[in-house]
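Remarks on the structure that follows.
The values are calculated or read from the model by the stated rules, or taken from the named source; none is laboratory data. Quick caveat, the model's predicted, so the values are computed rather than measured. Every residue, glycine among them, receives a Cβ derived from its backbone with ideal geometry; neighbour counts consider all protein chains shown.
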Amino acid sequence: MPFGLYLHFPFCRNKCSYCDFYKELYDARLEVRFFEALKIETELAAMAFGPFDREISTIFIGGGTPTLSNPDLLAGWLEQLRRLFIVPDGIEFSIENNPDSVTAEKLTTFRQLGVNRPTFGIQSFKPQLLQLLNRKHNPADSARSVYLTNALGYTNFGADLIFGLPRQTSKMLSEDIDELIDLDPPHISFYQLTVEPHTTLAERVQSGSLVMPDPDLSLALYRGGCARLAEAGYIRYEVSSFAKPGFECRHNMRYWDGSDYLGLGPSAHSFMIGQRFANVPDVEQYIHLLSQGRRPVIADVSGIAERMVEAIMLGLRTSKGIDRQRFAVRFGRSVEERIDLRQYGLFVKSGHVIDENETIRLSDDGICVADEIIRRLVN
Ligand code: SF4
């Protein structure tokens, strides 16, 4: 079976206040060492999985800020990837970009390397909100990035927008959404700001210098945003993912439906031929282990019960929901064995959960409160 390939590029120019992804401040010399280690990891992965699977179905380079990567080093790694695995022409190939580091030259090089789906972390068009998030780009960078993307002939790209920020009013969000719709991205990630532990945002919220919005206001913002996106022709296919028909992110859909994916780079996660594992979230340790010819992997110790919960969580967040039969084949157990049946019955009765044609999914009302429903079903 083909698998999705994810690369975690672990460098950023600065650290955004809300971000808990693994990253280090960009350092050109460390980047060279990282790519050397990545090549060893790719070789070892080909040896480990080559006998079973060599065809890649999608590529996604995230991070971190992959826009900062040295094009020669990236090209060298891709050349190796194409030599060791089957990479069919024209497969979905995404790369995340920060608008402040996007240039025509970078986007041209990415295209030459096979990228056909850049995504842009726009987040907001309000300078004061970008500052609060410690993002280094400005609204003009976002517009310029999308202009260049269109001018260079990309027909598919994505943009991210955040809601539920301290000090964000509904007027600010509706202006942000309208500005984004004007740029006409085929794909939009519209997601709620969450306070992750050990971030600057968490410290500021704890100290009282920032106040997160009331959950009811956030819910109202989400509902309003969804309605506006639907009106503009975007279809919600997952709680935070909206696309024009045919532009759904195939790579992310692999995560949600339990297909195989291989993650390379520090902190990347994988699910391959029934095994789950994650890489060490430390670039120096990653380089050190690979320099000794060892895969930088931490084996996953989660049991079947945890994996069933994860499948239920991911499945219910998508518009397709959970296919009962696929679930039973995958785990050898039914969905019912892992959910609170009393809560389930209540949610079906209230119309938040729809149970039909061997599929369990959330209704429009249900998807707006997906996290709460999931929490009650699998606690
Ligand atoms: S650019 Fe992205 S990965 Fe880097 S700190 Fe900001 S949110 Fe995190």
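Would a scan of the range 3-16 turn up a residue that is more than 14 Å from the ligand (Cβ to nearest atom) and exposed (fewer than 15 other Cβ atoms within 10 Å of the Cβ)? Looking through the range 3-16, none of the residues is more than 14 Å from the ligand (Cβ to nearest atom) and exposed (fewer than 15 other Cβ atoms within 10 Å of the Cβ). Got at least one residue in the range 46-60 being touching a helix residue (DSSP H, G or I) at 6+ places or on another chain (Cβ under 9 Å), within 16 Å of the ligand (Cβ to nearest atom) and touching a residue at least 60 places away in the same chain (Cβ under 8 Å)? Yes: the range 46-60 contains one or more residues that are touching a helix residue (DSSP H, G or I) at 6+ places or on another chain (Cβ under 9 Å), within 16 Å of the ligand (Cβ to nearest atom) and touching a residue at least 60 places away in the same chain (Cβ under 8 Å). Given the criterion under 30 Å from G246 (Cβ atoms), among the hydroxyl-bearing types (S, T, Y) and in contact (Cβ under 8 Å) with a residue 12 or more places away in the chain, identify the matching residue among T149, T199. None of the other options fit; the residue is T149. Meeting the requirement of 1 or more residues that are more than 29 Å from L210 (Cα to Cα), the helices (runs of 4 or more DSSP H) wholly within the range 77-166 are 104-112, 139-151.
Does E31 satisfy the criteria of being within 16 Å of the ligand (Cβ to nearest atom) and either in the same structural domain as H137 (by TED's automatic domain parsing) or closer than 21 Å to S259 by Cα (or both)? For E31, the condition - within 16 Å of the ligand (Cβ to nearest atom) and either in the same structural domain as H137 (by TED's automatic domain parsing) or closer than 21 Å to S259 by Cα (or both) - is met.
Among the numbered conditions (1) within 16 Å of the ligand (Cβ to nearest atom); (2) in contact with a Lys or Arg (Cβ under 8 Å, 6 or more places away or on another chain); (3) within 21 Å of P71 (Cα to Cα); (4) at pLDDT 95 or above, the only one that E96 does not meet is (2). Among the residues making up the range 61-76, a single one is away from the ligand (no atom under 16 Å from the Cβ) and outside any helix (DSSP H, G or I): N70.
Here T119, T108, T103 are screened, and the one residue that is buried (at least 19 other Cβ atoms within 10 Å of the Cβ) and of a type in the set (V, I, T) is T119.
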